[in-house]
Each structure stands twice: as structure tokens, then as C-alpha cells.
1. Helix 109-131 against the longest principal axis of the chain: what's the angle in degrees, Cα atoms only, rounded to the nearest 10?
2. Distance in nm between label sites at Arg66 and Leu11, each 7 Å beyond Cα in the beta-carbon direction?
3. Contour minus end-to-end for Ile136 and Val75, with contour as 0.36 nm per residue of separation and end-to-end as the Cα-Cα distance?
4. Using alpha carbons only, how many degrees (0 to 90, rounded to 10) separate the axis of helix 2-36 from the longest principal axis of the chain?
5. Tell me, how many Å apart are the Cα centres for segment 104-126 and for segment 51-68?
6. Between Val111, Val80, Val48, which gets the highest mean-square fluctuation from a Gaussian network model of the chain, Cα cutoff 10 Å?
7. How high is the relative contact order of the chain, in percent, with contacts defined as C-alpha pairs under 8 Å that are six or more residues apart?
8. In whole Hz and in residue order, list the ³J(HN,Hα) couplings for segment 66-78 that follow from phi through the Karplus curve 6.51 cos²θ - 1.76 cosθ + 1.60, θ = phi - 60°; x for Gly and Pro.
Amino acid sequence: QRQVVDVIKDLAKLQESSTVLGKINDNIQSLQEVFINTKKRGNVGEFVLEKILTNMLGSNQKLWERQYKTIDGKVVDAYVKTDSEKEGIAIDSKFSIDNYQRYLVSEDIKVKENYLKDFRNDIRKRIDEVGKYINIKNKISSAVMFIPSEEIFAF
């Protein structure tokens, strides 16, 4: 009879562990969704950028603005004001990760090289996109591409 009680206790523990693992799996899937969905990934980058700027410059709109709309209608993730009212710094978050992930998981050397080349091209395109914000009529003299992934930034 004692063995039956022990088995029932073990089954209860096993069920509890299974429930916890199920919740962990759900959380992992939610996190994966963020990185698969380009828009959600972009939102994460903007959120991280905003937190960094808020921590460094505060939430004072006299120092920087979130989602700054330029005269020509473009929207930059952040605009940092300088001493000169004629110019500021545009900061745009870019999170190019697809070809980087493919590069990491690929085992074929040739395929891996192609993904690396594609990843470099992705980064160059993002740099060009950010560079287009520089325009005197938009009061933007400099632009910074923010990469919200330490791993990609260091790569």
C-alpha cells in the first residue's frame, strides 16, 4: 500500500513538472514569434532604444524625441537635439537577423558563405536606409544605426 502512495506522489510531481515545462515551452514559442515577425522584432528594437535614451537623457522632449517626423514625411525612431537648433542626430533601430541566423545554423561551408554575404548586404542596406535621414532641410546632420542585439553588433 505504501508503494501505491509513493507512485501516486511521484505521478503528481511528474504532472506538476510537465505543467511547468509546458509553460516554459509556451514562453519560448512567444519569444521565437517576436524574432520571426519582422514588425515585432522592430518594435523590440525601438523599445530597447527608447529605454536607453530615457536612461541616458531622461524623458525630456527638449533633449530628444521618439518617432520624430521629418519635414519630408519620414519617421525616425529617435531624434537627439544638439546645441544648434538647425541640426540634430537621427537614430534608427535596425534588426537584420534572418540571414545571420541562417549563417549560424548552416553546416555547409558554401551555403554558410552565401548567408554571410547576404547578411553583410542586409547590413549595408540598413546603413543606406539610415543615411537617407541626413538632410539639412530635415534638421538632421548625422544618423546612427542602432543595432539592438549585442551579438550582431559585435559580429
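Here, each number is a calculation from the coordinates, and none is a lab measurement. None of these values were measured; they are calculated from a predicted model. Note that we place each Cβ from the backbone using ideal geometry, even for glycine, and neighbour counts take in every protein chain shown.
1. Approximately 40 degrees, to the nearest ten.
2. Those two pseudo-labels are separated by 5.2 nm.
3. Extending this stretch completely gives an extra 20.4 nm.
4. The answer is roughly 20 degrees.
5. About 34 Å separates the Cα centre of segment 104-126 from the one of segment 51-68.
6. Val111
7. After rounding, I find 20 percent.
8. 8, 6, 6, 9, 7, 4, 8, x, 6, 10, 9, 4, 8
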